[in-house]
Amino acid sequence: MKYDTIKELLQYASKAENKTFKEVIEEAKGYDYNIDEISYKKGFFGHVVEECLFDYSPNSRSEPDFPELGVELKVTPIRRNKNGTISAKERLVLNIINYVEELTKTFETSSFSKKNKNLLIMFYLYSESMKKEDFPIVKSHFNNFKDIDGEIIRRDWEIIHKMIEDGRAHELSESLTLYLGACTKGANHLNLVSQPNSNIDAMQRAYCLKQSYMTTIARQVISNENLQRIIDSKTKMPQGFEQLVMKKLTVYYGKTQDNLSKEFSIDSKAKSLNDLLVARMLGVTGKVSRTIEFQKANIVPKSIRLEINNTIREDMSFKNFNPKEIVEHDWIDSELRDYFESTRFLISLFRKNNQGDYVFIKAFFWSLPISVLDGKVKDTWQETKRILINGVIIDNWNGKSRNNLPGKTFNHVCHVRPKAALSMRYPGDSNSFLLPNGEWMTKQCFWLDKKYVRTILDLTV
DNA sequence: GCATGATCATGC
DNA sequence: GCATGATCATGC
């Protein structure tokens with residue numbers, strides 16, 4: 001079947017909305033599928049849409065699925081969260097990067113642009129408790145990376161390209177870029193390939209649209225979510241989004257917490273006051289993470305307080321972990337690795353002055369280096385997993401509970417500590433989580449040691 | 001001063 | 001009501 005226009009294609013695709021994969025198969029003319037036979041096969045969802053809906057055979061050519069329109073078809077899952085919102089279940093993996101070939105390309109001639117310039121994305125709703133063929137197709141969406149997204153993705157591509165050019169493909173990480181990432185995938189983790197300007201083999205990677213990007217798109221087209229924007233379509237970003245954010249923040253360098261609180265009419269005693277201030281500096285009410293750009297790019301704001309002598313008093317905490325998830329995964333597929341591999345941080349520094357007030361001195365974007373992630377952070381995670389499996393030992397000490405999970409003496413980069421509103425360890429309590437051995441303990445999270453954090457700060461300025 | 005546990009205020 | 005981004009408190 002031929003489609004003359006993208007509109008026609010999209011219209012046809014939308015016919016599958018609210019149908020399950022099983023229904024799409026059954027309605028296909030001339031096909032005689034045994035669902036039980038094909039449903040467990042790899043690529044089931046894509047194949048059903050390609051063969052049964054669009055009536056063409058699957059291919060892995062480097063040209064798009066609909067060559068005459070230059071449109072690539074992607075079938076991708078969303079899931080429903082406990083609070084009712086939806087999220088992309090995974091990143092959208094595009095084509096594999098051939099480091100040698102890609103080095104010779106420009107953005108326009110790149111393998112990414114060649115195949116993925118126009119995407120027809122079909123979202124289906126994944127559910128743990130349902131059979132694959134009963135998942136419904138929810139929505140079709142056409143994405144051609146116009147305007148701001150296109151600009152940001154072009155710069156992302158250039159960052160990846162520069163890494164290859166510099167012989168640093170082995171240091172690539174999804175967290176280095178904003179929307180377009182270079183991700184590893186499944187068995188690819190173990191696939192080492194050569195790269196042009198270095199003797200070090202690198203993990204094979206593919207272009208992807210970050211999970212956070214896909215979540216934002218899904219919420220916009222399916223849930224009609226309305227987020228604040230930091231930039232509008234008229235904003236010029238000759239040096240990219242990050243530089244633009246820096247430009248907005250630089251204006252406030254040298255101002256104290258007090259100054260800034262007054263300027264933005266914030267009267268708050270929150271421990272995360274600096275976070276609120278940074279949001280206001282960017283023109284956002286509420287949280288920075290609730291803006292289109294930060295949500296798509298998965299940028300997490302962090303603020304650090306420095307003492308007068310430039311030391312840091314506190315370690316840096318992250319999300320609470322889920323013991324069950326840790327025990328059930330290997331490091332390479334773990335939530336923690338995935339978090340650091342795909343998260344970019346916006347770090348703001350506030351330094352104490354002689355009056356005891358904190359001065360906003362600088363901000364910068366940062367990602368945890370892969371070498372640290374797959375080094376010391378991995379060690380802490382592995383040790384945590386080992387102890388979770390063997391049984392966490394909790395005892396009482398001066399009225400506090402104490403445990404044997406890897407603490408600060410473990411490796412001076414990453415450790416485990418409690419993080420909850422209250423120190424509680426009762427079944428079902430919101431401050432407690434269930435351990436694999438059936439006991440309950442106060443929720444814990446992974447922390448980065450302040451000593452390590454200090455090493456990422458460039459305080460020469 | 002360090003290690004460890006405990007807890008706060010806020011947005012959503 | 002909980003997750004988040006943090007900071008406070010205490011014993012050694």
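Please tell me if A:Asp147 is assigned by TED's automatic domain parsing to the domain that holds A:Leu94, surrounded by fewer than 16 Cβ atoms within 10 Å (Cβ to Cβ), over 23 Å from A:Lys185 (Cβ atoms) and in contact with a Ser or Thr (Cβ under 7 Å, 6 or more places away or on another chain).
When the stated conditions are applied, A:Asp147 passes them.
Scan A:Lys117, A:Lys131 and give me the residue that is surrounded by 15 or more Cβ atoms within 10 Å (Cβ to Cβ) and modelled with pLDDT under 95.
A:Lys117
Does A:Lys248 satisfy the criteria of being over 17 Å from the mean Cα position of the chain (by Cα), of a type in the set (Lys, Arg) and either open to solvent by less than 20 Å² (accessible area, probe 1.4 Å) or within 13 Å of DNA strand C (Cβ to nearest atom) (or both)?
For A:Lys248, the condition - over 17 Å from the mean Cα position of the chain (by Cα), of a type in the set (Lys, Arg) and either open to solvent by less than 20 Å² (accessible area, probe 1.4 Å) or within 13 Å of DNA strand C (Cβ to nearest atom) (or both) - is not met.
Being within 11 Å of DNA strand C (Cβ to nearest atom) and part of a loop (DSSP other than H, G, I, E, B) is the filter here; which residues of segment A:270-285 pass it?
A:Ala270, A:Lys271, A:Ser272
Mind checking which residues of segment A:359-399 are within 16 Å of DNA strand B (Cβ to nearest atom), part of a strand (DSSP E or B) and crowded, with 16+ Cβ neighbours inside 10 Å?
Selection gives A:Ile394 alone.
So that you can scan it fast, the table gives a plain yes or no per residue for (1) at positive phi; (2) open to solvent by less than 40 Å² (accessible area, probe 1.4 Å); (3) away from DNA strand B (no atom under 16 Å from the Cβ); (4) not hydrophobic (A, V, I, L, M, F, W, C):
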| residue | (1), (2), (3), (4) |
| --- | --- |
| A:Met214 | no, yes, yes, no |
| A:Asp258 | no, no, no, yes |
| A:Glu263 | no, no, no, yes |
| A:Leu273 | no, yes, no, no |
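Going through segment A:427-460 one residue at a time, which ones are more than 13 Å from DNA strand B (Cβ to nearest atom), assigned to a loop (DSSP other than H, G, I, E, B) and farther than 15 Å from A:Leu368 by Cβ?
Once the filter is applied, which keeps residues that are more than 13 Å from DNA strand B (Cβ to nearest atom), assigned to a loop (DSSP other than H, G, I, E, B) and farther than 15 Å from A:Leu368 by Cβ, segment A:427-460 yields A:Pro427, A:Gly428, A:Leu435, A:Pro436, A:Asn437, A:Gly438, A:Glu439, A:Asp458, A:Leu459, A:Thr460.
Return the residue satisfying two criteria in turn: it lies in segment A:106-127 and is over 21 Å from A:His141 (Cα atoms) and in contact with a Ser or Thr (Cβ under 7 Å, 6 or more places away or on another chain), and of such residues it is nearest to DNA strand C (Cβ to nearest atom).
Step by step, filter segment A:106-127, then rank; the result is A:Phe107.
Could you give every pair whose Cβ atoms fall below 7 Å, whose first residue belongs to segment A:69-89 and is more than 21 Å from A:Leu120 (Cβ to Cβ), and whose second residue is buried (at least 19 other Cβ atoms within 10 Å of the Cβ) and small (Gly, Ala, Ser), counting only separations of at least 6 or pairs across chains?
Correct list of pairs: empty, since none qualify.
Taking segment A:192-224, which residues are in a loop (DSSP other than H, G, I, E, B) and in contact (Cβ under 8 Å) with a residue 12 or more places away in the chain?
Within segment A:192-224, A:Pro196, A:Asn197, A:Gln204, A:Arg205, A:Lys210, A:Ser223 meet the criteria.
Output the residue which, of all residues in segment A:393-425 that are free of Cβ contacts under 8 Å to residues at least 24 places away in the same chain and more than 12 Å from DNA strand C (Cβ to nearest atom), is nearest to A:Asp315 (Cα to Cα).
This residue is A:Asn404.
When you scan segment A:406-425, do you find a residue that is charged (D, E, K, R) and open to solvent by less than 50 Å² (accessible area, probe 1.4 Å), even just one?
No, because not a single residue in segment A:406-425 is charged (D, E, K, R) and open to solvent by less than 50 Å² (accessible area, probe 1.4 Å).
Check whether at least one residue in segment A:361-384 is farther than 30 Å from A:Arg168 by Cα, free of Cβ contacts under 8 Å to residues at least 24 places away in the same chain and of a type outside the set (Ser, Thr, Tyr), and report yes or no.
No.
The values are calculated or read from the model by the stated rules, or taken from the named source; none is laboratory data. Not measured: the values here are computed from a predicted model. Quick reminder, even Gly has a Cβ in these numbers, built from the backbone with ideal geometry, and neighbours come from all protein chains shown. These accessible areas exclude ligands, DNA and RNA; they are computed on the full protein's heavy atoms, side chains included. Shrake-Rupley method; radii C 1.70, N 1.55, O 1.52, S 1.80 Å.
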